[in-house]
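For reference, the structure is listed below as structure tokens.
The values are calculated or read from the model by the stated rules, or taken from the named source; none is laboratory data. As the structure is a computational prediction, the values presented were derived from the model and not from experiment. Heads up, the Cβs are rebuilt from the backbone with ideal geometry, glycines too, and the neighbour counts pull from every protein chain shown.
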Amino acid sequence: MPKDPSYALVAGIDGIHLLHRDFGRLLDPADARRPDLTGPKALGALSDSPAHMIVDRGRLVGLWEFDTEAQELVRQPWVPRDAELRAAVASAEACVRDQLGDARSFSLDSPKSRAPRIAALRAGR
């Protein structure tokens, strides 16, 4: 594994997960025990990501969603918020806000349906 971090904020349907459908393989064992954002299960028990993903060198290191009302990327990284992570978040946030306007998980996803996940991310659940 490379020594330096290489963060990417990707959609929950990104090929790093979707093409494998083995969510647990992306998780560090300690992170697999983290609770799901809005459900009773642990992350390691899920088939799919509960939100968009922050990955670093092939490993899931956090989750994110875009809050259209606040026009900001709400995230919950499980690693220290170093300069590289802050830069990756700022870049993704600017892209979603300025070019896309939203970052849906699927076609029926909406700001209203996303609200519980955003609240859980803000609360650090």
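Overview of results
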{"quantity": "Top-ranked residue of segment 65-102 - restricted to ones that are assigned to a strand (DSSP E or B) and not aromatic (F, W, Y), ranked as surrounded by the most Cβ atoms within 10 Å (Cβ to Cβ)", "calculated": "E65"}
{"quantity": "Long-range neighbours under 6 Å by Cβ, at least six apart or interchain, first residue farther than 18 Å from V89 by Cβ and free of Cβ contacts under 8 Å to residues at least 12 places away in the same chain within segment 1-29, second aromatic (F, W, Y) and part of a helix (DSSP H, G or I)", "calculated": "none"}
{"quantity": "Set L73, L108, L37: member being farther than 17 Å from S6 by Cβ and at pLDDT 95 or above", "calculated": "L73"}
{"quantity": "Cβ-Cβ under 8 Å pairs, at least 6 apart or on other chains, segment 31-43 side exposed (fewer than 12 other Cβ atoms within 10 Å of the Cβ), far side assigned to a strand (DSSP E or B)", "calculated": "K41/P35"}
{"quantity": "Output for segment 103-125, where each listed residue is surrounded by 12 or more Cβ atoms within 10 Å (Cβ to Cβ) and at positive phi", "calculated": "none"}
{"quantity": "Residue among P50, P40 that alone is farther than 19 Å from S105 by Cβ, of a type outside the set (V, I, T) and assigned to a loop (DSSP other than H, G, I, E, B)", "calculated": "P40"}
{"quantity": "Pairs where the first residue, in segment 53-64, is touching a residue at least 40 places away in the same chain (Cβ under 8 Å) and part of a strand (DSSP E or B) and the second is surrounded by 21 or more Cβ atoms within 10 Å (Cβ to Cβ) and of a type in the set (K, R), C-beta under 6 Å, 6+ apart", "calculated": "W64/R75"}
{"quantity": "Test: residue in segment 77-98 that is within 18 Å of S49 (Cα to Cα) and either among the basic types (K, R) or free of Cβ contacts under 8 Å to residues at least 60 places away in the same chain (or both)", "calculated": "yes"}
{"quantity": "Of all residues in segment 65-76 being free of Cβ contacts under 8 Å to residues at least 40 places away in the same chain and of a type outside the set (A, V, I, L, M, F, W, C), the one that is nearest to L18 (Cα to Cα)", "calculated": "E72"}
